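Please read the structure below before turning to the comments.
The values are calculated or read from the model by the stated rules, or taken from the named source; none is laboratory data. Here the structure is a predicted model, which is why all the values come from computation and not from measurement. Counting neighbours? That spans all protein chains shown, and the Cβs are built from the backbone with ideal geometry, glycine included. Calculation scope for accessible area: heavy atoms of the full protein, side chains included, ligands and nucleic acids excluded. Shrake-Rupley method; radii C 1.70, N 1.55, O 1.52, S 1.80 Å.
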Amino acid sequence: MGKPKIRFKGFTVDWEQRKLGDVAEYRRGSFPQPYGNKEWYDGEGAMPFVQVADVTDEMNLVVNTKQKISKLAQPMSVYADKNTVLVTLQGSIGRVAITQYGVFVDRTVLIFEKYKEKIDYIFGAYIIKKKFIEEARKAPGGTIKTITKEVLSDFDLMLPDYKEQMKIGRYFQNLDHLITLHQRKCDETKKLKKYMLQKMFPQNGMKVPEIRFEGFTVDWEQRKLGDVFQEYSEKNHPEFQVLTIIQGGGTVLREESDRNLQYDKLSLSGYKMVCENDFIVHLRSFEGGLEKSNHNGLISPAYHTFHGDNIDSRFYYSYFRSYEFIKHKLVPHVYGIRDGRSIDIDGMKTIKIPYTSCDEQKKIGDYIESLDTLITLHQRKCDELVKIKKYMLQNMFV
């Protein structure tokens, strides 16, 4: 008997403790026979086939299948209807999903065929998931190595009445839908950005891009990086704060960073000043090694700083992080192996980079920034919802 910390209005009755084996019937799926024969996959009349790898998402309990099983194999395989709860029994044991449509199921996945009493299938999925999380915490190393049917049957579950189950199940289902929506929007916007960056810069020796804002007709140029950007080195600016450089994220104030990076405050006079929107080049190359500063501040003297007149840094930051620049143009000027790779700064200055008017750069920079804002918005919303869901999972169950 017990009550959760957070509860929907109108529900006051204690939850009851039950054994999973007393309230649910379940069985394993099956291997197609003969297992591995290509004739048993795809083809006319093929149906979705769930394997352990399909049940991957810790936060969203809906399963998506990649494999299909042929009509030939279906009579000897185990079928699960839409809205059936599945649990993985191999690999990461205890991942839980709900089928979106009728599927055939691999032997490494457990199928909750039916409940012996009235239990909401969505609530059932969440309470089973929560139970496996609890069991994993108790297991050595935080991972369940194996699970038998007998052990599973002995799992203790706390159950409210059916109406409260429905309320809780639909609440978490709506959270999952919102998480999926924002994650999908985030992913779609990232794909759009990648596509547009390919089309808004000239490709394969072309003098103009495929997609261009109205009013711009002049051919683009190719100029040496060292002619567009000038390297500078200014020290003795103790009035500025020290910056931390984040891969793919520019800079943050070191005092606000979650990285525990120590530095000697007495040596700040030897640190280099970098201005907001100027570029920092890492001698150690990862994903190009160039970052844009988001602040006026100080950086290690091991870095190189570059400033450009009459340029839009947002325009060039996108280009410097492009596949074309990193994998083709910068590669000849990177030496060393693995984590020891370094950039030849003098060689980098000779790289030919695209150049167009500052007005066109600004138009493209504005557009890219708008996409980045959308990506950040959806990702932040997704992260917030995941935190809410985690908190509510801890407090809406006994």
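Values for this structure:
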read-out: For Arg28, residues with placed amide H under 5 Å, excluding near neighbours; value: Ile111
read-out: q = 0.08, 0.09, 0.11, 0.12 Å⁻¹: log10 I(q)/I(0) that the Debye formula gives for the chain, counting C-alpha atoms only; value: -0.67, -0.79, -0.95, -1.00
read-out: Cα→Cβ-extended label distance, 7 Å offset, between Tyr101 and His295, nm; value: 5.1 nm
read-out: Cβ crowding within 10 Å averaged over residues, with 234-241, 218-225 ranked highest first; value: 218-225, 234-241
read-out: Thr84 long-range amide H proximity, modeled H, under 5 Å; value: Thr99
read-out: Carbon + sulfur, % of accessible area of the chain - ligands and nucleic acids excluded, 1.4 Å; value: 51 percent
read-out: Accessible area expressed per residue, the chain, with surrounding protein chains retained (probe 1.4 Å, Å²); value: 55 Å²
read-out: Highest-MSF residue in the chain out of Thr148, Thr376, Thr305 [GNM, Cα springs under 10 Å]; value: Thr148
read-out: Net length gained if the chain between Glu134 and Lys71 were fully extended (0.36 nm per residue, minus Cα distance); value: 18.7 nm
read-out: Greater than 24 Å apart at Cα, pairs in Lys5/Lys163; Lys66/Lys118; Lys9/Lys390; Lys68/Lys390; value: Lys66/Lys118; Lys68/Lys390
read-out: Contact order normalised by residue count of the chain, Cα under 8 Å, 6+ apart, percent; value: 16 percent
read-out: Most mobile listed residue (Gly297, Gly215, Gly142) in the chain, GNM with C-alpha springs under 10 Å; value: Gly215
read-out: Theoretical ellipticity at 222 nm over the chain - DSSP helices of four or more residues, -39500 (n - 2.57) apiece, nearest 500; value: -10000 deg cm²/dmol
read-out: Under-5 Å amide H pairs with Leu290, H placed in peptide plane, nonlocal only; value: His282
read-out: Dimensions in Å of segment 300-379 - Rg and Dmax from alpha carbons; value: 15.0, 40
read-out: Equivalent ellipsoid semi-axes, segment 166-281, via Cα gyration tensor eigenvalues times 5, rooted, Å; value: 37, 33, 9
read-out: Where labels lie 7 Å past Cα in the beta-carbon direction, separation of Asp187 and Glu276 in nm; value: 3.6 nm
read-out: Sorted peptide list for 123-132, 6-15, 67-76, criterion being average Cβ within 10 angstrom, highest first; value: 123-132, 67-76, 6-15
